[in-house]
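Shown next, in structure tokens, is the structure this report addresses.
The values are calculated or read from the model by the stated rules, or taken from the named source; none is laboratory data. Please read these numbers as outputs of a predicted model, since none were measured by experiment. Cβ placement follows ideal geometry from the backbone for every residue including glycine, while neighbour counts extend to all protein chains displayed.
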Amino acid sequence: MLRLNLLLALVLLGSCVWLIRTSHESRRLFVALERAQSESHELQIDFERLEVDKRAQATPLRVERLAREKLRMYGNSPTLTQYVSASASSPMVAPAAPSVAPPAAASGARP
């Protein structure tokens, strides 16, 4: 009987230690989960802010202004276009094109 009581006391003590260790581990994992969720939320906010900044930076007017100012790029027009033929060494100026677009291009239809 004494052996049985000692064995049961050891089993009870072992299960108490196991329960304490398991609850401590679950608390530690819960804190790590909360920390990861908080970091994920902060990263999501940063991502959304960067997406808004990217959209603001990539507006067509801003891109065109930067191309003109920094890169010295200008719009294509028939008066500025020069064609070079394979046989001639001097550039030829293109004839002036009509200012009205063809009906298919004006309506946005694809060929």
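Which numbered condition trips up Lys54, out of (1) surrounded by 10 or more Cβ atoms within 10 Å (Cβ to Cβ); (2) at pLDDT 90 or above; (3) under 22 Å from the mean Cα position of the chain (by Cα)? Condition not satisfied by Lys54: (1). Got at least one residue in the range 72-85 being at pLDDT below 85, outside any loop (DSSP other than H, G, I, E, B) and not aromatic (Phe, Trp, Tyr)? Yes - at least one qualifying residue is present in the range 72-85.
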